[in-house]
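For reference, the structure discussed in these notes is given below.
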Amino acid sequence: MEIKKTCSDDIERLMEIRLEMLRIVNHLKEDASFDKKLIERSREYFLDGKQTTVFAMDGKKIAGCATLSYISVMPTFDHPTGKRAHLMNVYTRAEYRRRGVGKMMVQYLIDEAKSRDVTEITLDATEMGYSLYKSLGFNSNAEGMNLSL
């Protein structure tokens, strides 16, 4: 299994696996269609460079993908660079699950974040992914509030 950082040449494959993942996590049918805006913005997002997305490759077949989105905020005492990241869309295709594929992708992205002076990675864990993130050193917390607009 090889972890490969994606580039603009991978956009069609990125979109394919993103929509596959969204169908599965949202319990949609295989032929479910998506809002045009969601597709447009997803495509733009992958091309704008404010993220690192990786594929786990089994030869020429994609076994999974994961994305780390970069966020810049005002530097603080605990985060002097102001560089933070949010881990998203860690997805392993069913036939590759329980083989360490997710762990390899997330570890790759953690190393990438360190190389970019990121001081904190956040994520929204699903029940299925919780033990993976714990094994990589992520901690649960009850910090923060949010406002959906």
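The values are calculated or read from the model by the stated rules, or taken from the named source; none is laboratory data. Predicted model, so just to flag it, every value in this text is computed and none were measured. Positions of Cβ are backbone-derived with ideal geometry, glycine not excepted, and every protein chain shown enters the neighbour counts. Surface areas here come from the heavy atoms of the whole protein model, side chains and all, with no ligands, DNA or RNA. Shrake-Rupley method; radii C 1.70, N 1.55, O 1.52, S 1.80 Å.
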Hey, Thr126 free of Cβ contacts under 8 Å to residues at least 60 places away in the same chain and not aromatic (Phe, Trp, Tyr) or not: no
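Yes/no per residue for (1) under 15 Å from the mean Cα position of the chain (by Cα); (2) open to solvent by less than 50 Å² (accessible area, probe 1.4 Å); (3) among the aromatic types (Phe, Trp, Tyr); (4) closer than 18 Å to Ala94 by Cα:
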{"site": "Cys7", "(1), (2), (3), (4)": "yes, no, no, no"}
{"site": "Asn26", "(1), (2), (3), (4)": "no, no, no, yes"}
{"site": "Glu30", "(1), (2), (3), (4)": "no, no, no, yes"}
{"site": "Arg41", "(1), (2), (3), (4)": "no, no, no, no"}
Given the condition over 20 Å from Val101 (Cβ atoms) and in contact with a strand residue (DSSP E or B) (Cβ under 6 Å, 6 or more places away or on another chain), answer yes or no: does some residue in the range 14-37 qualify? no
Say we look at the range 82-141 and pick out the residues that are among the aromatic types (Phe, Trp, Tyr), open to solvent by less than 50 Å² (accessible area, probe 1.4 Å) and assigned to a helix (DSSP H, G or I); which of these is nearest to Cys65 (Cα to Cα)? Tyr96
Looking at (1) in contact with a helix residue (DSSP H, G or I) (Cβ under 7 Å, 6 or more places away or on another chain); (2) within 17 Å of Lys114 (Cβ to Cβ), which is the one condition that is false for Arg84? (1)
Residues in the range 49-64 that are under 11 Å from the mean Cα position of the chain (by Cα) and either open to solvent by 10 Å² or more (accessible area, probe 1.4 Å) or among the aromatic types (Phe, Trp, Tyr) (or both) total 2
Across the range 65-110, the tally of residues that are among the hydroxyl-bearing types (Ser, Thr, Tyr), under 26 Å from Glu12 (Cβ atoms) and touching a Gly at 6+ places or on another chain (Cβ under 8 Å) stands at 3
Matching residues, the range 7-29, being assigned to a loop (DSSP other than H, G, I, E, B) and under 16 Å from Ala66 (Cα atoms): Cys7
Take Phe46 and decide whether it is surrounded by 18 or more Cβ atoms within 10 Å (Cβ to Cβ), within 19 Å of Cys7 (Cβ to Cβ), at pLDDT below 95 and not hydroxyl-bearing (Ser, Thr, Tyr). yes
